[in-house]
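K.L.:
One structure coming up, written as structure tokens, with questions to follow.
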Amino acid sequence: MAEWKANYDKISFVVTATELSTNIENNTSEIQIVAEFKADRGTAGYNGYPQTVTIKVGNTTVADLSGITYSLSNGGIRSLGTWTTTINRDTYESTVPIVAEASDVGYLGESDGVTATINKSLSLSEIARESIPSLHTTSITFGNDVRIYTNRQNTSYTHTMVYRIGTKEGLVANNVGSYHDWTPPNSLAETFPDSLSGTVDIEVTTFNGSNELGTNTVRLTLSIDTNSTAFKPHVNPPTLEERNSLISSNIGDVWVQGQSRVNIIGGSLGRYGAKIVSGAIIMNPGPNQQRASADLNTEFETLSQIMRFTTAGTFNIALEVVDSRGLRTTSDPKTIEVVAYNAPILSDVTAHRDPDSPTDIVIGAKGVGSHLGNENTLTLSAHIRPATDTVWDDTHQVVSNTSTNGSVSISNQSFSGYSEALSYEIKIELKDKLTSSQVSIVTIGTTSVLLDAYKDVGMAIGKLYEPEYASSLQVGEKGLRSSGPIRVGDESVMYVQENGIYNGADLNNFTESGIYTINNNSQGTIVNAPSSFQKNNIALYVIKVSNTVTIQWFMYASAATEDFPNHMPISYRHKYANFWLPWKTL
């Protein structure tokens with residue numbers, strides 16, 4: 001309500017304007033106007049000359065009076081009237097002008113032509129039209145509901161709700177009255193693939209029937225539960241692929257310790273826009289646990305790593321991935337059994353001429369290995385060739401025994417037709433399907449004789465002379481003992497070197513034919529000696545058969561000791577293709 005006065009002498013023209021009500025549905029306000037003349041207190045005898053009065057509310061004339069007279073004294077009031085009118089709030093949103101005029105306001109009835117004017121504006125109340133929405137909470141995690149209150153001003157109003165987040169928008173609900181419970185779809189998380197939260201705007205448009213009254217927006221924060229499997233990256237259990245073709249083609253579906261090359265493959269997928277940023281292949285238990293980086297692409301990420309199993313046992317293999325939101329997932333493990341594997345071991349190798357039939361060579365050997373569920377075949381074979389030959393081929397093979405139970409042998413088998421006048425090399429080889437093998441080379445000399453002379457070319461001691469070697473002196477398998485070098489012409493073809501095994505000597509370096517001794521009990525360590533080594537009365541016999549084959553015999557001068565009451569052990573070994581085979585003890 002507002003009251004305005006226009007004074008002339010001691011008479012006031014008074015106009016009062018009041019906003020009686022508002023009509024939200026019609027978007028209108030009802031305005032009341034009251035007008036009057038009023039004499040100041042203490043005055044008397046004022047008689048007004050006939051007058052006119054006009055009053056306008058906005059563009060509407062609510063009063064147009066004429067011939068008005070009055071007689072006022074001592075605060076008297078001459079009421080002019082009360083009027084009401086309705087205004088449209090689209091035209092007058094916050095104020096409406098009030099213009100009132102009273103003409104010929106006179107003194108003691110005199111007309112002096114004075115006009116009293118009131119030109120004011122009436123402030124209007126705010127008329128509620130579109131609803132102002134609110135939420136029961138400003139933040140939720142995906143999977144939960146949010147209640148959207150419309151706070152409508154009229155029970156007949158309805159609302160349409162839509163969401164907008166990033167480039168996504170969609171309908172929440174139509175024809176909503178007082179409120180609506182909404183579960184935001186998980187797909188909205190696609191708009192923030194690198195974060196655990198984002199904000200969505202909910203626009204609420206108010207309708208009066210088919211008339212749209214306006215739109216207001218409320219904002220909601222959406223968060224991802226880090227424990228929710230709906231958002232964690234997806235990862236498949238690993239697929240295992242054998243990359244060692246020898247196993248896949250010869251052994252079958254068996255994982256072999258130290259031999260299998262296991263290609264571990266896994267696929268993973270980020271959820272709702274997230275990308276896989278890192279990955280790992282985890283193998284437990286300990287110390288075989290290894291990790292591999294992810295091989296990334298735009299949508300489907302793969303992990304691939306080739307691994308070896310260094311120990312046998314049961315292992316669980318799983319894949320672990322981390323996405324761009326920092327969410328981590330570990331796949332279900334794949335359990336595998338790794339079978340123990342040992343490379344074939346060759347033992348008890350013997351080869352000699354049959355004393356009763358010198359043209360027969362008797363061979364014996366044993367081999368053991370891992371049978372891998374009776375799938376890994378052990379093959380133990382023997383080859384015999386003249387010592388002068390330099391190449392092994394299939395024509396030299398005399399026997400090949402196989403087994404799938406992890407053990408195979410050649411049991412003192414005799415092979416005939418080998419000249420007494422020639423030396424032979426016997427190659428014993430043990431191998432399995434994984435190409436692991438052990439080879440032992442044994443040299444068989446000619447038939448034993450004390451002394452043999454060959455024309456005027458040379459002579460042999462303890463064996464028949466072999467012209468193929470074209471040497472002046474040849475020594476048989478039982479060796480030669482002398483106090484010094486044996487020379488023929490200017491060349492030392494065989495020598496005996498007393499005390500030739502010095503302190504710290506490495507027997508791997510003794511590759512020239514000869515006899516080397518040690519008689520000093522104070523001598524120290526001898527490198528690469530057999531396990532039976534004792535520091536006294538040692539003789540090392542070295543026979544260089546060819547450029548690729550050398551034989552060492554390690555003997556003792558004394559016949560027996562406390563540790564070996566029957567006899568001192570004799571050890572021997574071969575060097576073949578620059579590789580010393582282990583010592584064997586007789």
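The values are calculated or read from the model by the stated rules, or taken from the named source; none is laboratory data. Quick caveat: nothing in here was measured; it's all calculated off a predicted structure. With ideal geometry, Cβ positions are generated from the backbone for all residues, glycine too; neighbour counts draw on all protein chains shown. In case anyone asks, the SASA skips ligands and DNA or RNA and just uses the protein heavy atoms, side chains included. Shrake-Rupley method; radii C 1.70, N 1.55, O 1.52, S 1.80 Å.
K.L.:
Please go through the range 375-419 and give me each residue that is open to solvent by less than 70 Å² (accessible area, probe 1.4 Å), in a strand (DSSP E or B) and hydroxyl-bearing (S, T, Y), ordered by number.
P.N.:
T379, S381, S400, S403, S407, S409, S414
K.L.:
Would you mind finding the one in R243, R219 that is under 19 Å from M283 (Cα atoms) and in contact with a strand residue (DSSP E or B) (Cβ under 9 Å, 6 or more places away or on another chain)?
P.N.:
Just a single option satisfies the conditions, and that option is R243.
K.L.:
Oh, and also: Hey, could you check the range 297-319 for residues that are open to solvent by less than 30 Å² (accessible area, probe 1.4 Å) and under 15 Å from the mean Cα position of the chain (by Cα) and say which is modelled with the lowest pLDDT?
P.N.:
Across the range 297-319, the extreme among qualifying residues is E301.
K.L.:
Just the residues that are assigned to a strand (DSSP E or B) and open to solvent by less than 40 Å² (accessible area, probe 1.4 Å), please, taken from the range 334-346. Give the derivation first.
P.N.:
Taking the range 334-346 first, the residues assigned to a strand (DSSP E or B) are 334-339, 345-346.
Within the range 334-346, I336, V338, L346 meet the criteria.
K.L.:
Another question, if that's okay. Within the range 56-144, considering only strands (runs of 3 or more DSSP E) that don't extend past its boundaries, which have at least 2 residues that are closer than 30 Å to E203 by Cα, within 60 Å of the chain's Cα centre (by Cα) and at pLDDT 95 or above?
P.N.:
139-141
K.L.:
Next up: So G286 clears everything in (1) modelled with pLDDT under 90; (2) of a type in the set (G, A, S); (3) within 24 Å of H234 (Cβ to Cβ) except one condition, right? Which one?
P.N.:
Result: G286 fails condition (3) only.
K.L.:
Which of the residues belonging to the range 151-207 are part of a helix (DSSP H, G or I) and either out of contact with any strand residue (DSSP E or B) (no Cβ under 9 Å at 6 or more places or on another chain) or of a type outside the set (G, A, S) (or both)?
P.N.:
Answer for the range 151-207, where residues must be part of a helix (DSSP H, G or I) and either out of contact with any strand residue (DSSP E or B) (no Cβ under 9 Å at 6 or more places or on another chain) or of a type outside the set (G, A, S) (or both): N186, L188, E190, T191.
K.L.:
How about the range 166-188: which of its residues are within 24 Å of E130 (Cβ to Cβ), of a type in the set (S, T, N, Q) and either touching an Asp or Glu at 6+ places or on another chain (Cβ under 9 Å) or open to solvent by less than 80 Å² (accessible area, probe 1.4 Å) (or both)?
P.N.:
Matches in the range 166-188: S178 only.
K.L.:
Restricting to the range 359-374, what's the tally of residues that are open to solvent by 30 Å² or more (accessible area, probe 1.4 Å) and more than 22 Å from G406 (Cβ to Cβ)?
P.N.:
Matching residues across the range 359-374 total 1.
K.L.:
Give the residue that is nearest to V399 (Cα to Cα), with candidates limited to residues of the range 350-380 that are under 56 Å from the mean Cα position of the chain (by Cα) and among the β-branched types (V, I, T).
P.N.:
Ranking the qualifying residues of the range 350-380, first place goes to T379.
K.L.:
A further question on this structure: Any chance the range 39-49 includes a residue that's at pLDDT 90 or above and either of a type in the set (G, A, S) or open to solvent by less than 50 Å² (accessible area, probe 1.4 Å) (or both)?
P.N.:
Within the range 39-49, not a single residue is at pLDDT 90 or above and either of a type in the set (G, A, S) or open to solvent by less than 50 Å² (accessible area, probe 1.4 Å) (or both).
K.L.:
In the range 420-446, how many are open to solvent by 30 Å² or more (accessible area, probe 1.4 Å) and over 14 Å from H396 (Cα atoms)?
P.N.:
Number of matching residues: 9.
K.L.:
Which of the residues spanning the range 223-240 are loosely packed, with under 15 Cβ neighbours inside 10 Å, among the polar types (S, T, N, Q) and farther than 22 Å from N144 by Cα?
P.N.:
Selection gives T239 alone.
K.L.:
Another question about this same structure. Identify, by number, the condition in (1) modelled with pLDDT of 95 or more; (2) of a type in the set (G, A, S); (3) more than 30 Å from the chain's Cα centre (by Cα) that G209 doesn't meet.
P.N.:
Of the numbered conditions (1) modelled with pLDDT of 95 or more; (2) of a type in the set (G, A, S); (3) more than 30 Å from the chain's Cα centre (by Cα), the odd one out for G209 is (1).
K.L.:
Output the number of residues of the range 556-579 satisfying the condition of being at pLDDT 70 or above and open to solvent by 40 Å² or more (accessible area, probe 1.4 Å).
P.N.:
Count: 6.
K.L.:
A further question on this structure: Would you mind finding the one in T150, T137, T191 that is polar (S, T, N, Q), farther than 30 Å from I276 by Cβ and surrounded by 16 or more Cβ atoms within 10 Å (Cβ to Cβ)?
P.N.:
So the residue among T150, T137, T191 that is polar (S, T, N, Q), farther than 30 Å from I276 by Cβ and surrounded by 16 or more Cβ atoms within 10 Å (Cβ to Cβ) is T150.
K.L.:
Tally up the residues in the range 503-527 that are at pLDDT 70 or above and either closer than 30 Å to P386 by Cβ or open to solvent by less than 10 Å² (accessible area, probe 1.4 Å) (or both), please.
P.N.:
12
K.L.:
Moving on to the next point. Please go through (1) in contact with a strand residue (DSSP E or B) (Cβ under 8 Å, 6 or more places away or on another chain); (2) free of Cβ contacts under 8 Å to residues at least 60 places away in the same chain; (3) closer than 26 Å to Y424 by Cα; (4) surrounded by fewer than 19 Cβ atoms within 10 Å (Cβ to Cβ) for D356 and return the number of the only condition it doesn't satisfy.
P.N.:
Evaluating D356 over (1) in contact with a strand residue (DSSP E or B) (Cβ under 8 Å, 6 or more places away or on another chain); (2) free of Cβ contacts under 8 Å to residues at least 60 places away in the same chain; (3) closer than 26 Å to Y424 by Cα; (4) surrounded by fewer than 19 Cβ atoms within 10 Å (Cβ to Cβ) leaves (1) as the failure.
K.L.:
Okay, next question. Residue check, S260 against (1) among the hydroxyl-bearing types (S, T, Y); (2) open to solvent by 20 Å² or more (accessible area, probe 1.4 Å); (3) within 28 Å of the chain's Cα centre (by Cα), all met but one. Which one?
P.N.:
Every listed condition holds for S260 apart from (2).
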